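What follows is a set of notes on a single structure, which appears directly below.
The values are calculated or read from the model by the stated rules, or taken from the named source; none is laboratory data. Computed from a predicted structure; not experimentally measured. Because the Cβ atoms are built from the backbone with ideal geometry, glycine has one as well, and the counts that use them run over all protein chains shown. For the accessible areas, the whole protein counts, side chains as well, though only heavy atoms, and no ligand, DNA or RNA atoms are used. Shrake-Rupley method; radii C 1.70, N 1.55, O 1.52, S 1.80 Å.
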Amino acid sequence: MTSQAQYLDRYAAALLPVFGRPQLVLTRGAGSSVWDADGKEYLDLLAGIAVNALGHGHPALVAAVREQAERMIHISNFFTSAPQIELAETLLRLAGAPEGSAVFFTNSGTEAVEAAIKLSRRTGRTRLIAAEGAFHGRSTGALALTHKAAYREPFAPLIGEVTHVPYDDADALRAAFADAAAGPVAALFLEPTQGEAGVIPASVDYLRLARELCTAHGALLVFDEVQTGVGRTGRWFDHQRADILPDAMTLAKGLAGGVPIGALVTYSAAVTGMLTAGQHGSTFGGNPLACAAGLAVCRTLAEQHVLDDVRLVGDKIAAGVRGLAHPRVTEVRGEGLLLGIGLRDEGSAALAAALLQAGVIVNAPNPRTLRLAPSLLLNLAQADTFVATLQPLLDEWNDE
């Protein structure tokens, strides 16, 4: 039997080292549990970074993938399939998109953002606004919108005319739109809740202001819901808490429960018509296998009323962590099952490592935050397990 250490040595010899040395070699999963190559079990509270919406090995998803694979896995975009059409119709219905809205399927969130950037160019303008702390992907177009200097600088120059403004700052957003010297704005890209920045929700007033400013200035409002969409925050899409519609929305991660997929959703016939035949495409985008998986995820979440449980379990975790009243914990941010635990000191990586050693998988998106983005089927008992595991580790950390 190959040990975990042996696998990791082989990884180092064969894989491009962009992710560094992996923490574990995972061999199987069931529900919200995974096992490593040495047989140790872990409670998975990261779910592939908000991807495994139904956890591991969910029977509805497994059956959908198996049945579709037996029929056909891929066809070119000279043709279409029932799963592609049905998933597009489902997303438009869940999004409350008006008549004339449409969906373009991609293979990832980054590709969905790239499609949205191309959409913005069809306004005849080139200037984009994004937020400080934003993460929109790592391809060169999406990277221009991503704010972190360490990601951007090795690959400069990127596409120009991107203005980054402080997140959730109304005055800064107004000023960016009013900056006549910078030129008219093609589109504003916003995450309703920033995930990679540490789970930071924008206020409802800020999201509504974004809608008002884009309308007033003839710019597109693009909500990046790659991490927050498909039930993650207890709503189908996070921006719905503001009771507004964007001009476009990007999706990926949890949409197909682990099968690679992404989507650009356009709202209204006017926006849909901005990209015409031959102006964009994808070889694998919208393939029957991925779309069948997406349908299985959406149907399971809807038929089992999972979004109600997402709010219930998320509230249970947040209340449990707050109830510890631990001096190292400053706050719990986010909604549903996208939560950020704010820490007083820069020790999140060490705390995440201690949790991993104790059998719980979380991650540290920045030095003062632990992020939880588990399966949307996480249960109350598992929520309690996390809080019980966290408490003594915080105490040990506090004693150092």
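Confirm whether Arg344 is open to solvent by 40 Å² or more (accessible area, probe 1.4 Å) and touching a strand residue (DSSP E or B) at 6+ places or on another chain (Cβ under 7 Å).
yes
All but one of (1) surrounded by fewer than 19 Cβ atoms within 10 Å (Cβ to Cβ); (2) within 30 Å of Arg66 (Cβ to Cβ); (3) in contact with a Ser or Thr (Cβ under 9 Å, 6 or more places away or on another chain) hold for Ala292, so report the exception by its number.
(1)
Hey, can you tell me all the residues within region 196-220 that are on the phi > 0 side of the Ramachandran plot and in contact with a strand residue (DSSP E or B) (Cβ under 6 Å, 6 or more places away or on another chain)?
Scanning region 196-220 gives Gly198, Val199.
Is one or more of the residues making up region 56-71 touching a residue at least 12 places away in the same chain (Cβ under 8 Å), within 21 Å of the chain's Cα centre (by Cα) and more than 21 Å from Gly229 (Cβ to Cβ)?
yes
Just to check your reading of the model, which residue among Gln6, Gln23 is in a loop (DSSP other than H, G, I, E, B) and either open to solvent by 50 Å² or more (accessible area, probe 1.4 Å) or over 24 Å from Ala381 (Cα atoms) (or both)?
Answer to the selection: Gln23.
When Pro184 is evaluated against the numbered criteria (1) touching a Lys or Arg at 6+ places or on another chain (Cβ under 6 Å); (2) open to solvent by less than 20 Å² (accessible area, probe 1.4 Å), which criterion, by number, is the only one it fails?
(2)
If we keep just the residues of region 125-146 that are closer than 17 Å to Ala182 by Cβ and free of Cβ contacts under 8 Å to residues at least 40 places away in the same chain, which is most open to solvent (accessible area, probe 1.4 Å)?
The qualifying residue most open to solvent (accessible area, probe 1.4 Å) is Glu132.
Residue by residue, here is whether (1) under 30 Å from Ala115 (Cα atoms); (2) touching a Phe, Trp or Tyr at 6+ places or on another chain (Cβ under 6 Å); (3) charged (D, E, K, R) holds:
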position	(1), (2), (3)
His305	no, no, no
Gly334	yes, no, no
Gly342	no, no, no
Asp345	no, no, yes
